[in-house]
Ligand SMILES: *Cc1c(COP(=O)(O)O)cnc(C)c1O
């Protein structure tokens, strides 16, 4: 089956392919199909060179890096960091804004050292800082963020140890802010600071009443687990006053949630937050920084709408609104304009990584039944059972106007034959014949709705059930856990063959033994679809696809379902002087089978020992020849040292 009409297939082109997969819409200009019909990455933005992902795959083959492989485009991180900083600068200048922009990158979005290092390196000219949410994150942040001008912001619940670490940062001259998430943290912090003899930098996190909407809505608003309500904020200020440490309160923070698709929601939270900030300032405080948190979205589907996987604004609009609203409220409240801090994570790193994987086979969902009617039971004049006859009748009168009735009748006949089969009345052949007719009918029904925008729910379900599955060598749970957990959409498309029409409408399933291990929704030009149009597989020719925009949250949330471990990873840099316009700077090997087992308390050595003693016993009993025994033990050991994913045809 195919989404494409005959004429579309005939006049297929690279432009059509680009439109079909919506590449230029979701990619923010970082992805484009090149003249060869391959997908290219413009990791420095539209003005920079394009890296052909097929060339990258070829390089992996040469370097013996097996697929699936995660590619990090380090320049893309740079480009994003630069963009957010430059945009804030530009907008502030344009508006004559009285403060400065000092952003931080929240490391929880992607804590990989190389990612954080790249963020810091790119952010150096802007004194771009880091945000930590736990002790472990703070330990890494303290070691990495060495710029005394850049901020370090400590969020999350804190114990004494966490606070001591933060205060230690003050001792070595860093701008480490401890953000108070709940009232009891404040006295604890002040006591520890006194004991350690340092002046703390304190932030207050407000709990807003405005909610951000979108998938992560529950993390904010009045029922959020973080932040102080209005009464608690006033108490905190009074407490500081009483201790004579009002001057330590230097930052005011709120966070309206992640991936906020609607700019109105963002504006509301900025308005509410800034208003609270202004009222606090008027209580005689001098808070230098207004920290507006994260929430800046990413357009995963390219629709530019306020649906969850998209956003109805761009980065420039976000920045303009933030600066404008803060400026306006400060003017109204007659207070000076604070420095603005933001904690965008997703928008900074989501684009930078993708997974290249290989499709290694196809499962056709429904196969036809060869009519061999002579031996049908419940025989009648034409030799067919009554269920088959009924099914044929439905077929005969099938027309688009009464399609849904026909479908319901067909379902009834199918259920009838199943029930008869269970009671020993129908034969296996009857069942097979009815099933086969049912699927044939379903195919026709789906075809009736080919052009209709809004097919009924049953038809859409049928379409998915009828579509073949392409088997892809990866684990959804390791690579894109948010797709499994929240239906988060990630763009998927082939890396090559864009000159050919993608005539197979399929769904992509992974290699875990879990029926949830499949991609359920796909980006396409006009909507989110439940199947994806891909090319027919060619014998002995690898078919490579990419899953994109995996850079935010997925790396750390991925799990080891079925013991499929971390994937191979390479870091790619753009290089104008290179004939391919790129080079692979680093290869990080994915986990071996042994490493994954070790994480679950197995000792590979003990496993080998146990296996070997079993083999030895068999050799002693004369059941296996010694030479063969050695081979078997070698195979066991080699597999332990190998990659957890399936062997790749890419290397044959
Ligand atoms: C997670 C988090 C962020 C990052 O949000 P994004 O939407 O990814 O930019 C920022 N600030 C805080 C406090 C967070 O918890």
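The values are calculated or read from the model by the stated rules, or taken from the named source; none is laboratory data. Just so you know, these numbers come straight off a predicted model, no measurement behind them. Every residue, glycine among them, receives a Cβ derived from its backbone with ideal geometry; neighbour counts consider all protein chains shown.
See the values below:
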| read-out | value |
| --- | --- |
| Conditions (1) touching a residue at least 24 places away in the same chain (Cβ under 8 Å); (2) farther than 29 Å from residue 258 by Cβ; (3) not in a loop (DSSP other than H, G, I, E, B): number failed by residue 92 | (2) |
| Qualifying residue in region 89-99 (condition: within 16 Å of the ligand (Cβ to nearest atom) and within 24 Å of residue 340 (Cα to Cα)) | no |
| All positions within region 127-139 that are in contact (Cβ under 8 Å) with a residue 12 or more places away in the chain and within 16 Å of the ligand (Cβ to nearest atom) | 128, 129, 130, 131, 132, 133, 134, 135, 137, 138 |
| Qualifying residue in region 132-141 (condition: assigned to a strand (DSSP E or B), touching a helix residue (DSSP H, G or I) at 6+ places or on another chain (Cβ under 8 Å) and surrounded by 22 or more Cβ atoms within 10 Å (Cβ to Cβ)) | yes |
| Complete set of residues in region 331-354 that are outside any strand (DSSP E or B), over 22 Å from residue 264 (Cα atoms) and within 16 Å of the ligand (Cβ to nearest atom) | 349, 350, 351, 352 |
| Filter result for residue 328 (over 20 Å from the mean Cα position of the chain (by Cα), modelled with pLDDT of 95 or more, more than 16 Å from the ligand (Cβ to nearest atom) and assigned to a loop (DSSP other than H, G, I, E, B)) | no |
| Test: residue in region 1-16 that is closer than 14 Å to residue 492 by Cα and either surrounded by 19 or more Cβ atoms within 10 Å (Cβ to Cβ) or in contact with a helix residue (DSSP H, G or I) (Cβ under 8 Å, 6 or more places away or on another chain) (or both) | no |
| Selected residue [under 18 Å from residue 272 (Cβ atoms), at pLDDT 95 or above, away from the ligand (no atom under 16 Å from the Cβ) and surrounded by 15 or more Cβ atoms within 10 Å (Cβ to Cβ)] from 233, 168 | 233 |
| Scope region 144-163; condition part of a loop (DSSP other than H, G, I, E, B) and either surrounded by fewer than 24 Cβ atoms within 10 Å (Cβ to Cβ) or free of Cβ contacts under 8 Å to residues at least 40 places away in the same chain (or both); matching residues | 145, 146, 147, 148, 149, 150, 156, 157, 158, 159 |
| Exclusive hit being within 16 Å of the ligand (Cβ to nearest atom) and modelled with pLDDT under 95, set 218, 294 | 218 |
| Lone qualifier among 633, 567 - being in contact with a helix residue (DSSP H, G or I) (Cβ under 9 Å, 6 or more places away or on another chain), under 30 Å from residue 59 (Cα atoms) and at pLDDT 95 or above | 567 |
| Among (1) surrounded by fewer than 22 Cβ atoms within 10 Å (Cβ to Cβ); (2) within 16 Å of the ligand (Cβ to nearest atom), the one test that residue 289 misses | (1) |
| Any chance residue 273 is within 19 Å of the chain's Cα centre (by Cα) and either modelled with pLDDT of 95 or more or within 13 Å of the ligand (Cβ to nearest atom) (or both) | no |
| Where residue 314 falls short, out of the listed (1) within 16 Å of the ligand (Cβ to nearest atom); (2) closer than 30 Å to residue 554 by Cβ; (3) crowded, with 23+ Cβ neighbours inside 10 Å | (3) |
| Some residue of region 101-115 being away from the ligand (no atom under 13 Å from the Cβ), assigned to a loop (DSSP other than H, G, I, E, B) and within 22 Å of residue 289 (Cα to Cα) | yes |
| Members of region 536-564 found to be surrounded by fewer than 20 Cβ atoms within 10 Å (Cβ to Cβ) and in a loop (DSSP other than H, G, I, E, B), listed by number | 536, 537, 538, 539, 540, 541, 542, 559, 560 |
